[in-house]
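Taken together, the values in this text are just the output of simple stated rules run on the coordinates, not laboratory data. Everything quoted here is computed from the prediction, not taken from an experiment. All Cβ positions, even for glycine, are placed from backbone atoms using ideal geometry, and neighbour counts span all protein chains on display.
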Amino acid sequence: MSVGEEVEEVVRVAEKKYPIVTRESELEQLALFHKALGDETRLKILAMLLVQDVCLCEIVDGLKIPTSTINHHLKILERGGVIEGRREGKFTVYSIDPTKLDRIPFVQHENTQLRGGQENED
């Protein structure tokens, strides 16, 4: 078997074992979800949202980061399907999509990864 044939076989096996790689829209959504989790600021925002739903101004005040930067991160989190926003008066309040909660790594481990692996709270 040539190298090219070997690689083609690997692709066939991967597609059979992980069929999502053949479904473009699902694969794109999965990539957007993981991209949303791939930034320290976005993880800090998620930590806040695990405590309670918050609006943009509360995130800005809490993290001491410019509004435009937080807005950018919120859009990525929304595009990835990690969070959702709802209107409350003149504010948009953000929350974690409850259907995605079990896919957020530090939630799966009782928040220990977020606290650097320490079990006690400060």
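The table for this structure:
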| item | result |
| --- | --- |
| Sequence-distant residues sharing a close amide H with THR92 (under 5 Å, placed H) | LEU56 |
| Cleavage-rule hits (trypsin sites (Lys or Arg not before Pro)) in the range 1-97: DSSP loop, at most 11 neighbouring Cβ within 10 angstrom | ARG23, LYS64, LYS90 |
| Euclidean distance of C-alpha centroids, the range 41-65 and the range 6-36, integer Å | 32 |
| Efficiency of FRET between MET48 and GLU88 - r from beta-carbon atoms, R0 22 angstrom, step 0.05 | 0.85 |
| Calculated FRET value between GLU40 and VAL7, using beta carbons and R₀ = 30 Å, to 0.05 | 0.25 |
| Radius of gyration and maximum dimension Dmax of the range 37-108, Cα, Å | 11.3, 34 |
| Pair-distance profile P(r), taking every C-alpha pair of the chain, with 10 angstrom steps and integer % | 12, 35, 27, 15, 9, 3, 0 |
| Residues listed by number, the range 2-20, amide nitrogen under 20 Å from LEU27 label point at 7 Å toward C-beta | 4-20 |
| Cβ-placed point charges (K, R +1; D, E -1), dipole of the chain about Cα centre in debye, nearest 20 | 420 |
| Exposed-loop-free span, longest in the chain, where GluC sites (Glu not before Pro) count as exposed if DSSP calls them loop and at most 14 other C-beta atoms lie within 10 Å | 1-109 |
| Within straight-line cross-link reach of LYS64, lysines at Cα separation under 29 Å, skipping those fewer than 8 residues along the same chain | LYS35, LYS44, LYS75, LYS90, LYS100 |
